[in-house]
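> Can you read through this structure? Questions will come right after.
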Amino acid sequence: MRYSDTFPALTALTTTQVYGTKRYRFSYSAAARRFTIEIADPADVDENGLPKVGSSSYYTVNYASPFAASLEDTSVIFYGGVDNKQQGADKRLPDDKQIEATFIRAAYTDYKPVFVSTTLLDKNGAPFPEGTVIQDGTEVTIQAKVKNGYENGGTVQCHLQLSDSKDYPTAGLSFPDTADQTVTINGVETADVNITGEGIPFDCSPTETVITYKAVVDNPDGMAVTVGQMMLDDFFQSKRHSGDTLIPPIELVPLDPEKPVEEQGEAGKDYHYTRTPANENGWNNADVSIVFFPGDFSEFHIVDNKNVSDVHYLVPGNTTQAFTDELAGKELGLQAHNPTTGEMSTLKDDTVKIDKTAPALAAGAGGALTLTDGLAGVWKLERYDAAGKSWVTAQEYPLTDGNGAASQTHAVAQNGRYRVVDAAGNASAAQAVTVNDPPAVTPADPGATLPVPEQSTDENGLVHAVIHDSMQESIDREAPLYGGRFTTEDAKDLFDSRYGFSSNVDRDDGLSYRYTISQGGKDVTGQGVDTTQPGAFTVTCVATDADGNTTTVVLTDTLIDRSAPPTVEWGEDPDPPVGPSFDPLKPTPKPVVKEDTETGKKHAYIYDTVTEAVKEPGAYGGKLTAEVAAEILSGRYRFETAQGDEVLTYGPVTVTVEGKAGSLDTAKPGSCLISQTVTDSQGNQTTVYLTYNLLGRDLPPAIDYNPGDETVEPGSVLDEPEIIEDWQNGTKYATVKDRLVQAVSNPPLSGGSLDGDELRALLQSRYQFTSAQPDGALKEIRFAVTQNGKAVETIDTTRPGDYLITYTLEDSSGNRTSLFLQYSLREGEWGGQLAGGGAEAEGPYTGERSNGLPLLSLAAAGGLLALLALKKRADRQG
């Protein structure tokens, strides 16, 4: 509608007051003949939903009525618009703006309904005594006090009804029919009305109005008893709701197993029962027990909600109910009761679902899986993560009310070990599934071929291939290979130039690589390999795909020194068919390498010693011949060429006895030297000298150097022992002296000290002890360490010092040999042994040594003891 120019001008509003969603209230005062507009943000409203006076967004506009007094009894319609304060003109909104309004309600301007209080009384309208338990079926009176809370407000005709809002429910009550209902207003009974239906009519004024009506407690489930009421004005039908709890519930509280023990409280009071916890899907895969704790209640009822005659009663002395059968879903009602007080707990619903049977997993061609479970249903397919050592979800299936489908299918794209888990948490047997091959390897050289991979599948369905390859390189000391040291960076470059790797996993073709380097059976990845020295080392590359399948390439790189002589290693069998046994864990004797002045070729000399007691009958048929010696050498040693061509020429085996070629009579004490020379394709040679000693039974235990020990210089021999004999019983006593000097190092040897066990280990490594008796038995008689004549428990390796180690062994005949080792620690660099501590070989042996041999001349010297002089050491050529 258009207003005339006489329409009063409205106060201009700011964009902040107009734009956006606003709550408007339009009102008219007949007494003042004034219109009022109130504006506020939706958040700034009072309990009746009206703009809240005094709030930050509140704004009001007042203006006098433009209508004649005679028109003010007619209906007035309010509407929104825009006024530009210009006469006879309209103001249009911009195209991007619009006005929308939603009518909420119309109400009296001087009416503000208030529920003062709602009280539960007994059937006579009197308060219940304190502590009264209001039981189910009790007749009660509900008293509501209401008024018009508007200051100086008028009287509005209203009805009191039960609330129609779900936010204000009425529960646990039933109401009599109107004929049986008793309603009072301010103490005056009002007939033919009821709280139900159209409600109770009354005049709402600023004076408090008291209304009562009857009800019956109808609460078998023990829940909260509540009443929801509303005041409805008769003209505008505006509503004012109220909600009250008349009887609070007595909660049935289960034990919370997640709480710490100290917070769980007292059984029977703070909690009333326990129930075997179900999993996140509401299932159990084992027996379910409900245990009642008497206290506040003395009875506990478990009712099958679908068969109310199926009831279990738990009382003191019988507090546990177990469910042991598999159940698809047994719906239970749980409630506790105290017959003495009449108290009834709230009714709790529970559903027991038990599935104890594992699901099944079937694998078909191409990784097609079928997952089945007949009760709880299929929940998850899991794959074992070998790296994390745990099961991870490969596929999770939707559940309906905690139940899965009876069957699911899955196409596996990843190798692995799989299992199916049902909704109850039961897991099937794991099954390895293989759909992808391991990474492929191709040589970078199109003309080269690789050996066929050795392939295996592990328990997790992952496939592992191993390829062994080899190569040779000649060392160059002038321009060392790989700059003198082969490292993991060189390994990567070598493999990049020699091989190509590719993944067979479609979903992810990425590969990861791990390189290791080993030499002599030891991992040397950290320090690398010295490429200025001949020998072989192994480079291993493990390529791993996205599944975890691996292909391992083991590349043996042999570094060839054209001037290096053949090497000697222990034989394959530590107990060879011919000859004495040996310890394969001990190092082989160190060689002495010399250059042939005529040919320029290298010649290595290996010195080894074997000492045995004479056997009856003599070993090797009584004679150690050259033929027997050849078998001994072939079983005891392995010769290997450093040239990489496997070409070796074996010279004849000779047996030297007392400087002459021949054979050794093994039926009596004696000694011989067994030797053989091996020549490689370049003319380099290695000669092995094996001294073979046979001891007579009348000799004390023999001591020899262990030629492979790091503290023994190659070819060294001990000084001859001194032997004395007890002329009364013939017992022999030998004395052997030796000296060992080692450097004080940082960090110090053996962590700073050598104790008795470590020193014994040093002696057992440095020396070979042999009994001349057939049983070969030796026992320790004495072990002592002294410094400056005083006994010490340990040797301090952090500082220089001199020590004497005494070690005495006795054979089964009572003969003894004592070793006196002068052990010295010195500043600076020292080898294992000083000159004078034992003779060192400067060249090949041409005869045999006789340390400890039974070629003795006995001289009687009177008294109890006689001194025996041993045969001199065999001559050695330098």
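The values are calculated or read from the model by the stated rules, or taken from the named source; none is laboratory data. Owing to the predicted nature of the structure, the values given are computational and were not obtained by experimental measurement. So basically every Cβ, Gly included, is an ideal-geometry build from the backbone, and we count neighbours across all protein chains shown. We work out accessible area using only protein heavy atoms, side chains counted, and drop any ligands, DNA or RNA first. Shrake-Rupley method; radii C 1.70, N 1.55, O 1.52, S 1.80 Å.
> Is it possible to state the helix-based mean residue ellipticity at 222 nm for the chain, with each DSSP H run of 4+ residues giving -39500 (n - 2.57), the sum divided by total residues, to the nearest 500 deg cm²/dmol? What is it?
The helix-only estimate for the chain comes to -1500 deg cm²/dmol at 222 nm.
> List the equivalent ellipsoid semi-axes of the range 574-676 in whole Å, largest first, each obtained as the square root of 5λ for an eigenvalue λ of the Cα gyration tensor.
Whole-Å semi-axes of the equivalent ellipsoid: 27, 17, 13.
> Further, regarding this structure: Tell me the label-point distance for the pair residue 362, residue 726, using the 7 Å Cα-to-Cβ offset, in nm and rounded to one decimal.
8.7 nm
> Continuing with the same structure: Which value, in Å² and to the nearest 10, is the accessible area of residue 291 when all protein chains are kept and the probe is 1.4 Å?
40 Å²
> Students sometimes get this wrong: rank 518, 512 by accessible area, probe 1.4 Å, all chains present, largest first.
Result, largest first: 512, 518.
> To test your reading of the geometry: what angle, between 0 and 90 degrees and rounded to tens, separates the Cα axis of helix 626-636 from the longest principal axis of the chain?
20 degrees
> Could you calculate the FRET efficiency of residue 152 with residue 119 from 1/(1 + (r/R0)^6), where r is the beta carbon distance between them and R0 is 22 Å, rounded to 0.05?
0.20
> Something else now. Report the label-to-label distance for residue 474 and residue 313 in nanometres (one decimal), using points 7 Å from each Cα along the Cα→Cβ vector.
Result: 10.5 nm between the two label points.
> Mind giving me the FRET efficiency for residue 26 and residue 237? R0 is 22 Å, r the Cβ-Cβ distance, nearest 0.05 is fine.
0.80
> Ignoring ligands, DNA and RNA, how do 195, 724 rank by accessible area with a 1.4 Å probe, largest first?
Ranking 195, 724 by accessible area, largest first, yields 724, 195.
> Thinking of the range 683-758 as a set of Cα atoms, what percent of all their pairs are more than 15 Å apart?
Looking at the range 683-758, the distances longer than 15 Å represent 74 percent of pairs.
> If r is the Cβ-Cβ distance from residue 106 to residue 267 and R0 is 60 Å, what FRET efficiency results, to the nearest 0.05?
Taking R0 as 60 Å, the efficiency between residue 106 and residue 267 is 0.55.
> When the solvent-accessible surface of protein heavy atoms is calculated with a 1.4 angstrom probe, in what order do 514, 636, 25 fall, highest first?
Order by accessible area, largest first: 514, 25, 636.
> Distance between Cα centroids, the range 158-175 to the range 474-506: provide it in whole Å.
87 Å
> Can you tell which of 670, 654, 626 lies farthest toward the positive end of the dipole of the range 622-687, using +1 and -1 charges on the Cβ of basic and acidic side chains (Lys, Arg; Asp, Glu)?
The residue sitting farthest along the positive end of the dipole is 670.
> If packing is taken as the average count of other Cβ atoms within 10 Å, what order do 391-402, 698-709 fall into, highest mean first?
Put in order of decreasing packing, that is 698-709, 391-402.
> Another question, if that's okay. Within a Cβ distance under 11 Å of residue 55, other residues only, what is the Lys/Arg minus Asp/Glu net charge?
Result for the neighbourhood of residue 55: -2.
> Excluding ligands and nucleic acids, what accessible area in Å² is computed for residue 340 using a 1.4 Å probe, to the nearest 10?
Here the accessible area works out near 130 Å².
> For the chain, max minus min Cα coordinate along each principal axis, in Å, sorted largest first?
Between the extreme Cα coordinates on each principal axis of the chain lie 160, 81, 64 Å.
> Just to be sure I follow: if Rg is taken over the C-alpha atoms of the range 511-634 and Rh is the Kirkwood radius over the same atoms, what is Rg/Rh?
Rg divided by Rh gives 1.13.
> Another one. Return the ratio Rg/(2.2 N^0.38 Å) for the range 334-420, where Rg is computed over Cα atoms only.
For the range 334-420, the normalised Cα radius of gyration comes out at 1.69.
> While we're on this one: Taking the alpha carbon gyration tensor of the range 417-571, what are the square roots of 5 times its eigenvalues, largest first, to the nearest whole Å?
39, 17, 14
> Determine the relative contact order of the chain: mean sequence separation of Cα pairs under 8 Å and six or more apart, normalised by residue count, in whole percent.
Value for the chain: 6 percent.
> Per residue, how much accessible area does the chain show when a 1.4 Å probe rolls over the protein heavy atoms, in square angstrom?
It amounts to 52 Å² per residue over the chain.
> I've got another one for you. Run the paramagnetic zone check for residue 593: 7 angstrom along Cα to Cβ, then residues of the range 557-574 with backbone nitrogen under 11 Å.
561-567
> Further question: For the range 720-792 and the range 235-280, what is the separation of their Cα centres, given in Å?
83 Å
> Mind pulling the angle between the C-alpha long axis of helix 488-498 and the longest principal axis of the chain? Nearest 10 degrees, somewhere in 0 to 90.
90 degrees
> Report the extension gain between residue 393 and residue 452 in nm, rounded to one decimal, defined as 0.36 nm multiplied by the number of residues separating them, less their alpha carbon distance.
17.7 nm
> Starting from the eigenvalues of the Cα gyration tensor, five times each then square-rooted, give me the equivalent ellipsoid semi-axes of the range 462-537, largest first, whole Å.
29, 14, 12
> Compute the helix-to-body angle for 756-766: its Cα long axis versus the longest principal axis of the chain, expressed 0 to 90° and rounded to tens.
Around 50 degrees separate the two axes.
> Any number yet on Rg/Rh for the range 159-309, C-alpha, Kirkwood?
For the range 159-309, the value is 1.15.
> Can you give the % of DSSP beta bridges in the chain that are antiparallel, to the nearest 5?
DSSP beta bridges in the chain are roughly 85 percent antiparallel.
> Ok, one more. Just the accessible area for residue 344, please: 1.4 Å probe, Å², rounded to the nearest 10?
70 Å²
> With a point put 7 Å past each Cα toward its Cβ, work out how far residue 36 is from residue 780 in nm, to one decimal.
Those two pseudo-labels are separated by 11.1 nm.
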